[in-house]
1. Taking the Cα centre of region 155-270 as the origin, how large is its charge dipole in debye, to the nearest 20, when only Lys and Arg (+1) and Asp and Glu (-1) carry charge on their Cβ atoms?
2. Whole Å is fine, so just give me how far the alpha carbon centre of region 24-54 lies from that of region 187-213.
3. Nearest 5 is fine: what % of DSSP beta bridges in the chain come out antiparallel, could you say?
4. Reachable aspartates and glutamates from Lys79, Cα under 16 Å, same-chain residues fewer than 8 places away excluded?
5. Could you tell me which of Ile176, Asn248, Gly201 has its Cα farthest along the dipole of region 163-274 towards the positive end, charges placed at Cβ (Lys, Arg +1; Asp, Glu -1), taken about the Cα centre?
6. Does region 139-236 come out rounded, prolate or oblate by the C-alpha gyration tensor, with a ≥ b ≥ c the root eigenvalues, rounded set by a/c under 1.5 and, if not, prolate when a/b is larger than b/c and oblate if not?
7. Can you figure out the FRET efficiency of Ala60 with Arg108, using R₀ = 35 Å and their beta-carbon distance, to the nearest 0.05?
8. Tell me what the chain gives for mean residue ellipticity at 222 nm when only DSSP H runs of n ≥ 4 count, each as -39,500 (n - 2.57), the sum divided by the residue total, rounded to 500 deg cm²/dmol.
Amino acid sequence: MMTSTIHLHGSAVAFTDTAAQPTLVLLHAFPFDREMWLPQLKAFAGTTRVLAIDLPGFGASAPSQVTFTVESVADTVAKLLDAVTGTGQVVIGGLSMGGYVAMAFARRHSGRVAGLILADTRSEPDDAAARQGREKTIAQVTEVGASGIINQMLPKLLSDATRANRPDVVSTVLRIASRQTTEAVVAALLALRDRPDATTGLDTVTVPTLILVGEHDAITPPVVAAAMSTRIPGSRVVIIPGAGHLSNLENPDAFNAAVIEFLSTVDPAFPSVKT
Ligand code: MLT
């Protein structure tokens, strides 16, 4: 597994690359970084090339020199892929905010996409109440920093069972979120608030698509996943038992099994069994 940084238009972008073909790109949720994909990086190491990228300003990536929007981030991902893997196709997956970026990537760079994984995400934009909520969170983060808001987010991010029985997951979530900068968190909140409606674009997705959702996801519940699926021809929804919003961390075995099965249907070069 290789950890690396490249400079794109003067900004450092950090990523972890497990270097084996073909390639799965993973985009993290808000307000986290690529460490949230550790259970997947470990499970797929040696069999699948996984690029887990810190979005601009998060983790070890420098802030973007252009405004952080789901579109600009999708373009940064495309540039990173040009530099790291060449111009071939990849399977691109994202969880929640990462899913918004993955959808933007599929709209803007459709020729690069062999398959799409949308985890715990939605295609609709923020409604008025959600936009107001973003303003409130921006004010709070500006005052107390990312570590000051993550505790109150936990009940929405993790299922009751995870919070009660998985202190390791709780501490991972707190640790990753707490180290993000106020600047990155505010930039992302503005991008989340202003993101476009991706719903109509879903009709044009023609690649195999897997939609994953935690059984108890309180932010993007299974009903939202089902609605997205009706828009994407041939897509499949897999519900991750016991998990809330951060389904890849809460139930990695079920999450990974669904991804592995999906990848083998997209490209026979992906392994069909977990090794
Ligand atoms: C995330 O997990 O990335 C966030 O829930 C996205 C959002 O707040 O819209």
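Coordinate-derived values only; no laboratory data. Quick caveat: nothing in here was measured; it's all calculated off a predicted structure. Note that each Cβ is placed from the backbone with ideal geometry, even for glycine, and that neighbours are counted across all protein chains shown.
1. Values: 9 positive and 12 negative charges, 55 e Å.
Result for region 155-270 is approximately 260 debye, rounded to the nearest 20.
2. With region 24-54 and region 187-213 each reduced to a Cα centre, they are spaced 19 Å.
3. Values: 10 of 34 bridges.
Rounded to the nearest five, the antiparallel share is 30 percent.
4. Asp17, Asp54, Glu71
5. Ile176
6. On the way: a/c = 2.82, a/b = 1.47, b/c = 1.91.
Cα axes put region 139-236 in the oblate bin.
7. Numbers: r = 25 Å, r/R0 = 0.71.
With a Förster radius of 35 Å, E is 0.90.
8. Values: 12 runs with 126 residues, N = 275.
So the helix-based figure for the chain works out to -13500 deg cm²/dmol.
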